[in-house]
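One structure is given here, and the rest of the page talks about it.
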Amino acid sequence: MTEAGLRRIYGDAFPGDQVQSRMSYELQIIHDMEFDVYFLIVWDLCQFACQRDIWWNVRGSAAGSIVAYGLGITNLDPLAHELLFERFLNPGRVTMPDIDLDYPDDRREEMIQYTLHKYGRDKVAQIITFGTLGAKAAIRDVGRALDIPLGEVDKVARLVPDAVGVKLNDALEQVAELRQMYEGVDYVRTLVDAAREVEGVSRHASTHAAGVVVADKPLVEYTPLHRPTRGAEEGLPVVQYTMDVLEDTGLLKIDFLGLSTLTILRQAVDLIHARHGICYTQQNIPLDDPKIYELLSSGNVMGLFQVESAGMRRVLTSMKPTRFEHVVAAIALFRPGPIEFIDEYVARMRGLKHPQYVHPALEPILGETFGICVYQEQIIRILTDIAGYTPGDADLVRKAVGKKDREQLLRHRETFVQGAREHSGLDEAAADKIFDAFEYFARYGFNRAHSADYAVITCQTAYLKVHYPVEYMTAVLTVERGDTKKVGPLIAEARRLGIDVLPPNVNHSGLDFTIEDEPPVVPTGRLEEPSPNAHSQRHRQGSGLPSAPWPTRQGRQAQGTPQAPAG
């Protein structure tokens with residue numbers, strides 16, 4: 001199946017050594033690690049989604065697999081985008097590979113129901129999670145049980161630091177006032193001592209946001225089951241083992257994630273098809289249109305995927321992306337850690353500073369990111385290309401360095417220096433310098449495959465917004481209509497684009513935002529051509545909700561909306 005898919009994709013180029021060897025290598029590892037069935041089940045889900053015209057996206061490192069690409073699970077060419085399979089799966093990995101599937105949030109339930117029907121209601125369930133008592137919650141719960149006045153309990157709870165994961169013992173050491181109350185007031189000592197006993201205990205059960213277990217036998221043969229908790233799909237039981245325990249038992253987890261942007265894209269292309277007769281799919285929305293990058297560079301990104309925040313707008317307006325790879329880098333850089341390199345990256349990208357490399361051996365690896373190590377895949381390449389590591393071993397070292405274990409770091413440094421000397425002929429000083437840089441970036445590098453996955457959706461939303469603003473804004477407003485905090489700014493954005501948004505009207509409104517045409521006003525007495533910018537657009541709201549209007553044909557032409565090629 002993989003070979004047939006790759007032949008369709010690459011055509012005459014398929015017998016090429018790189019594609020053939022990569023396919024054989026990946027298939028062998030998948031088979032040796034006994035993950036064949038996992039890939040086939042995910043492939044089956046994607047086939048069903050394709051048949052039902054449900055759009056999907058694969059987030060995370062799975063885009064680095066050419067097997068997933070050949071099976072039609074992913075849409076990114078891992079060779080063209082230099083995505084590494086070992087970041088997704090390697091022999092040193094002892095947990096299941098993680099293929100996270102995004103679906104339109106209004107079609108997610110359909111995918112889960114198909115899974116139930118295909119594999120059996122007794123073999124499919126969601127996963128339980130347990131909320132535990134933190135330090136503050138433990139104090140408040142114990143205070144209620146001991147019938148201590150609420151104000152006194154609250155006074156003690158407020159003294160516990162807000163830091164994530166803080167323990168009551170730590171709070172007693174760090175906060176002098178709390179320690180004084182504990183030592184001097186009997187009921188406070190009783191309260192804190194009792195709270196320490198229950199701290200960390202499971203308080204309530206809930207449901208994992210996306211994980212669904214699929215088994216080959218009835219699940220009761222592997223795990224106890226729990227009645228559906230709040231948040232579980234209707235009628236779908238919940239396994240009583242948490243996710244880490246499930247992995248230890250070898251049960252298969254597939255993530256069904258809802259992504260509202262896919263709903264927006266789908267509704268927008270449906271409107272475009274109905275209005276213009278142009279059929280867009282996930283595969284034929286262009287990613288190389290210059291207008292995409294003009295829009296991103298302008299900072300007018302309201303309604304676009306992943307780039308709406310004020311910080312991301314600043315990155316895009318300073319970076320001025322001109323191609324897809326720049327958007328991938330922007331998404332990867334705007335994360336805790338890498339964010340400190342953004343100004344330096346932009347300066348080098350725009351030619352204000354020259355790229356600098358700790359050693360010339362790094363230039364082939366870091367050249368595309370101007371000497372800054374942005375992606376985890378680059379970290380793996382530093383180890384493989386310079387020190388002769390296998391890609392699987394290199395990914396294990398990357399993870400180990402990220403944990404900052406001093407003893408492991410010393411051991412890995414010695415191995416790297418020796419490998420760099422034997423593999424690349426570098427002296428110890430040069431190898432040490434490279435490892436210092438590697439160690440620093442390994443803490444912050446981002447998964448390139450994940451960033452590229454999301455950059456595709458970012459560019460697709462930008463393309464539709466710039467070429468079909470009315471249809472796109474109608475779809476965005478429809479999907480976000482329940483969130484009043486978002487609807488206000490989106491209506492303002494629609495008006496900035498010259499699109500009127502009208503209030504609800506019992507004679508015109510539908511349930512969702514709709515598009516309403518109104519012919520241009522023609523002065524009485526003589527016929528005149530509409531002025532170049534004349535257009536009339538009306539948005540109607542339904543059921544008390546706003547609806548969206550279309551510009552007239554003259555208006556669309558006047559706005560210069562290009563007609564995209566038929567798909």
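The values are calculated or read from the model by the stated rules, or taken from the named source; none is laboratory data. Keep in mind the model is a prediction, meaning the values are calculated, not measured. Ideal geometry is used to build each Cβ from the backbone, glycine not excepted, and the neighbour counts take in all protein chains shown.
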Restricting the stretch 425-439 to residues that are free of Cβ contacts under 8 Å to residues at least 60 places away in the same chain and in a helix (DSSP H, G or I), the one nearest to Glu340 (Cα to Cα) turns out to be Glu439
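If you check Thr484 against the conditions, is it farther than 29 Å from Ser61 by Cβ, surrounded by fewer than 22 Cβ atoms within 10 Å (Cβ to Cβ) and of a type in the set (Ser, Thr, Tyr)?
Working: farther than 29 Å from Ser61 by Cβ: yes; surrounded by fewer than 22 Cβ atoms within 10 Å (Cβ to Cβ): yes; of a type in the set (Ser, Thr, Tyr): yes.
Taking the combined requirement at face value, the residue satisfies it.
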Of those in the stretch 491-544 that are acidic (Asp, Glu) and crowded, with 19+ Cβ neighbours inside 10 Å, the residue modelled with the lowest pLDDT is Glu516
Among residues of the stretch 45-60 being surrounded by 15 or more Cβ atoms within 10 Å (Cβ to Cβ) and either free of Cβ contacts under 8 Å to residues at least 60 places away in the same chain or among the acidic types (Asp, Glu) (or both), the residue nearest to Ile254 (Cα to Cα) is Cys46
Filter the stretch 63-88 for residues that are of a type in the set (Gly, Ala, Ser) and touching a residue at least 60 places away in the same chain (Cβ under 8 Å); the one that is surrounded by the fewest Cβ atoms within 10 Å (Cβ to Cβ) is Gly72
From the option list Asp77, Asp53, single residue qualifying as assigned to a loop (DSSP other than H, G, I, E, B), under 25 Å from Tyr10 (Cβ atoms) and not small (Gly, Ala, Ser) is Asp77
Across the stretch 87-137, the tally of residues that are assigned to a helix (DSSP H, G or I), basic (Lys, Arg) and over 20 Å from Lys253 (Cβ atoms) stands at 1
Picking from Glu26, Glu109, Glu3, the residue that is within 25 Å of Thr263 (Cβ to Cβ) and more than 18 Å from the chain's Cα centre (by Cα) would be Glu109
Of the residues in the stretch 342-368, those that are touching a residue at least 40 places away in the same chain (Cβ under 8 Å) and closer than 18 Å to Ser451 by Cα number 1
